[in-house]
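The values are calculated or read from the model by the stated rules, or taken from the named source; none is laboratory data. In this text, all values refer to a predicted model and were calculated from it rather than measured experimentally. A quick note on method: Cβ atoms are made from the backbone with ideal geometry, for glycine too, and the neighbour counts reach across all protein chains shown. Just so you know, the surface numbers come from the protein's heavy atoms only, side chains and all, with ligands and any DNA or RNA stripped out. Shrake-Rupley method; radii C 1.70, N 1.55, O 1.52, S 1.80 Å.
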Amino acid sequence: MLVLAASHDDCADSAICASMVFDAFGASRREERESSHYAEGRYFRAETEIKVSMGDSDYDDLPLWVIVSDSEDGQADRLKGAGFRVARLEAFGTVAEVRVDL
């Protein structure tokens, strides 16, 4: 699993951000889901097992979380190619979490 923190100047809200992320990955089947486990009480998912939500971490400059089940090389590059600023979050959700700006 690959966890990224991201931002884009054209993201006005989480729905727009999710659509832009899914476009970057070429994902066509998309849905919005409700969950109290995510900031805003919702997240967005695509058929390629990509989840997008607003984060609740200390990374105010990269407020968007992008969780990709397939951690193959090049996933972050897709977002960067679409104009996103991106950091990889290693050991996500633990006290050992580290942000690696890409």
Exactly one condition in (1) open to solvent by less than 70 Å² (accessible area, probe 1.4 Å); (2) at pLDDT below 90; (3) charged (D, E, K, R) is not met by residue 29; state its number. (1)
Output for region 7-38, where each listed residue is assigned to a loop (DSSP other than H, G, I, E, B) and in contact (Cβ under 8 Å) with a residue 60 or more places away in the chain: 8, 9, 10
For region 46-73, enumerate the residues that are more than 22 Å from residue 91 (Cα to Cα) and crowded, with 19+ Cβ neighbours inside 10 Å. 46
